[in-house]
Amino acid sequence: MADPSSYRPKPGQIPDSPGVYRFRDEHRRVIYVGKAKNLRQRLGSYFQDVANLHPRTATMVTTAASVEWTVVSTEVEALQLEYSWIKEYDPRFNVKYRDDKSYPSLAVTLNEEYPRVQVMRGPKKKGVRYFGPYGHAWAIRETVDLMLRVFPVRTCSAGVFKRSAQIGRPCLLGYIGKCSAPCVGRVTPEEHRELADDFCDFMAGRTGTYLSRLERQMHEAAEAMEYEKAARLRDDMGALRRAMEKNAVVLADATDADLVAVAEDELEAAVQIFHVRGGRVRGQRGWVTDKVEAVDTAGLVEHALQQLYGEEKGEVVPKEVLVPALPEDAPALSQWLAERRGSNVSLRIPQRGDKKALMETVHRNAQQSLALHKTKRASDLTTRSRALEEIADALDLDGAPLRIECFDISHLQGDDVVASMVVFEDGLARKSEYRRFQIKTFEGQDDVRSMHEVVSRRFRRYLQEKLKTGEWSPEDADDAGAAAGAEDDGRPKRFAYPPQLVVVDGGQPQVAAAKRALEELGIDDVAVCGLAKRLEEVWLPGEDDPVVLPRTSEGLYLLQRIRDEAHRFAIQYQRNKRGKRFTSGPLDEVPGLGESRKQALVKHFGSVKKLRQATIDQICEVPGIGRKTAETVAAALAGAVPAGPAVNTATGEIIEDETPAPAGASSERGTEQ
């Protein structure tokens, strides 16, 4: 634990201008990011008597070993830079909101030739327009089902769309009038996009104009005695009104606003956001967070707005943002929101009327969300704590294994041998720390040897990270020494943190291999065990008899869950690797030829067969292909053995190779080399 006075900057060294500062720990990892109007005043507040600081702030400054800052010209720049650094470094002492559920949104894929309406979850994609998020996917589907009667936009997947185009017959929705059937050419791409734009306008709250137009068309059709058309328009208006009724009017003045409410206690906070468009609640979402830094309600609101709008631009940022408390830098925050929207944004606290009443409703939702989260977490935390204690007792560990890593080997009859490493912290999966490995030192099936290689590689990387910070200074650092001079940028490292327990999928041989790998590296403070599938026995190094945990043991259940997750992750990687090997083509063997240029070559010539017959000058005609690359491609294809002719099994006819050969990726992205 560091003394803050040991790294306190000298008097007068800190500027009194706006800026962003970073605290780093002894390993040079960034642990806290903050901003200030006046860096000298703000940083000076950290370097006082630790007893006078908030307990969370005191923990942060005693964990830190250095502080640095960056001067900016305005408070808005400081706000943007703070958000960017928090996202980049993921500091452990900054408030980070996490969704309490995966909320679905209604998405319109305007980036496609024929836009598609669908339910989407997860991160937003470029060129897709989103509405929501909503509490339930079924609510979106009910609304879309009503609106497709009026806006028959495509909802099918790419596979269904392509199949219908091939057979020249639309799907069921095309026959019942809930799709305009662009797949068979009933409408042009321009007409279909106009339908999608009308759908988006209606969902965005511009409903009055469209309903008035439908009503006018209905009366015109009735006057012209086109009663069937008039009846259809009447039914269309009814469907749209029913869709609108699903979102009750909450603000009579057709306001576009986001309402943010916070419920908190000493340890945690919950945030609820209601998205109101056209006076109606169009979406809702919620976050929960641990209060790992000393922060009040205004600070929680500021962090929530940064996360909510940090990646957004345009009309997604509303004209009004209503909050329970104004952040300290409210003018700068308002300016930042205005820059993201492209016009003025009002950031204020509602004082009276419908908006204050709705804010109270949002706050009640936040309170319920926090209570539900604490109930679930209390139960889950008790179970996980008991499981970790049982594992510590059974394996005779000094303390509960707060970080557990599990390794598994996967292959298919000795081919495509891979390994996985999964990480559980405090009994919960930490998927960002998962890693996968290709076995390099040998070929064939040998699980014991594979386990030794993978554990060695993982912990050799750990020693490299320690070597960078000076924590480890071996006499013979071999390949780790090459990395010693590398500057640490403060980002979370892939192998920087050692586990308290290594679990391997297997019995005595695999456990012995893992233990031997650790001993060869001089690591003696990491426990090792293995979980055998047959009888779910726990094996320890050097023991002839396994440890048998009761079938009802929470510790055994946690070990099984970790082992099964490692097995799933390894199997997934092995299948992907095998699938890419089966779909690889001769162009995959050409060194330096990327996916884009492979596709350009096949598209230009029509097939690999025709490309093989082309001259070097003809290959050079392809955009992006130089003469040296053309010579390499020609040489690689000349050396490749062409596949045998395809045969139609029904007629015995030989099929000419006129279709592009599949081109799979030649390397696994994210694999530890």
**Request:** Please name whichever of 323, 369, 381 sits farthest to the positive end of the charge dipole of segment 263-418, dipole taken about the Cα centre and charges placed at Cβ: Lys and Arg +1, Asp and Glu -1.
**Result:** 323
**Complete:** Semi-axes (Å, rounded, descending) of the ellipsoid equivalent to segment 114-179 per its C-alpha gyration tensor are 23, 16, 9
**Accessible carbon and sulfur surface of segment 271-397 relative to its total accessible area, %, 1.4 Å** = 47 percent
**Request:** Measure off 7 Å from each Cα along the Cα-to-Cβ vector at residue 617 and residue 113, then give the distance between these two points in nanometres to one decimal.
**Result:** 3.5 nm
**Message:** Just to verify a number: FRET efficiency for residue 596 and residue 217, C-beta to C-beta distance, R0 = 56 Å, to 0.05?
**Reply:** 0.70
**Asked** How large is the accessible surface per residue of segment 330-443, computed with a 1.4 Å probe and reported in Å² as a whole number?
**Response** 52 Å²
**Request:** Assuming a ≥ b ≥ c are the square roots of the Cα gyration tensor eigenvalues, decide whether segment 1-133 counts as rounded (a/c under 1.5), prolate (otherwise, with a/b larger than b/c) or oblate.
**Result:** prolate
**Asked** If all Cα-Cα distances of segment 322-412 are sorted into 5 Å bins from 0 onward, what percent lands in each bin, rounded to whole numbers?
**Response** 2, 10, 10, 9, 10, 10, 8, 7, 9, 10, 8, 5, 1, 0
**For segment 64-203, projected area of the alpha-carbon convex hull averaged over all directions, nm²** = 12.5 nm²
**Prompt:** At a 1.4 Å probe, what is the % contribution of carbon and sulfur to the accessible area of segment 33-101?
**Reply:** 49 percent
**Prompt:** Given H placed 1.01 Å from N in the peptide plane, which residues other than close sequence neighbours of residue 504 have an amide H under 5 Å from its amide H?
**Reply:** 407, 529, 530, 531
**Request:** Could you let me know the centre-to-centre spacing of segment 346-422 and segment 534-549, using Cα atoms, in angstrom?
**Result:** 30 Å
**Request:** Mind giving me the FRET efficiency for residue 525 and residue 235? R0 is 56 Å, r the Cβ-Cβ distance, nearest 0.05 is fine.
**Result:** 0.15
**Asked** Applying 1/(1 + (r/R0)^6) with R0 = 35 Å to the Cβ-Cβ distance of residue 425 and residue 445, what FRET efficiency is obtained, to the nearest 0.05?
**Response** 0.60
**Request:** Provide the percentage of antiparallel DSSP beta bridges, counting only those with both residues in segment 269-417; round to the nearest 5.
**Result:** 75 percent
**Asked** Using θ = phi - 60° and the Karplus curve 6.51 cos²θ - 1.76 cosθ + 1.60, what whole-Hz ³J(HN,Hα) does each residue of segment 47-53 get, with Gly and Pro shown as x?
**Response** 9, 10, 4, 4, 5, 8, 7
**Item:** Simple label model, 7 Å out from Cα along Cβ direction - residue 8 to residue 130, nm
**Value:** 4.5 nm
**Request:** Mind checking the full-extension length gain between residue 371 and residue 571? Use 0.36 nm per residue of separation minus the Cα-Cα distance, one decimal, nm.
**Result:** 68.1 nm
**Message:** If you roll a 1.4 angstrom probe over the protein chains with everything in place, what fraction of the accessible area of segment 142-233 belongs to carbon and sulfur, to the nearest %?
**Reply:** 52 percent
**Asked** Can you give me the pair-distance distribution of segment 279-437, C-alpha pairs, 10 Å bins, whole percents?
**Response** 8, 23, 25, 18, 16, 8, 1, 0
**Request:** Taking 7 Å along the Cα-to-C-beta vector as the label spot, tell me the residue 319-residue 225 distance in nanometres, rounded to one decimal.
**Result:** 4.7 nm
**Asked** Which value, to two decimals, describes the C-alpha radius of gyration of segment 152-224 once divided by 2.2 N^0.38 Å?
**Response** 1.33
**Message:** Give me the 1.4 Å probe accessible area per residue for segment 27-161, excluding ligands and nucleic acids, in Å².
**Reply:** 46 Å²
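The values are calculated or read from the model by the stated rules, or taken from the named source; none is laboratory data. Please read all numbers here as calculations on a predicted model, not as lab measurements. Here the Cβ is made from the backbone with ideal geometry for all residues, glycine too, and neighbour counts use every protein chain on show. For the accessible areas, the whole protein counts, side chains as well, though only heavy atoms, and no ligand, DNA or RNA atoms are used. Shrake-Rupley method; radii C 1.70, N 1.55, O 1.52, S 1.80 Å.
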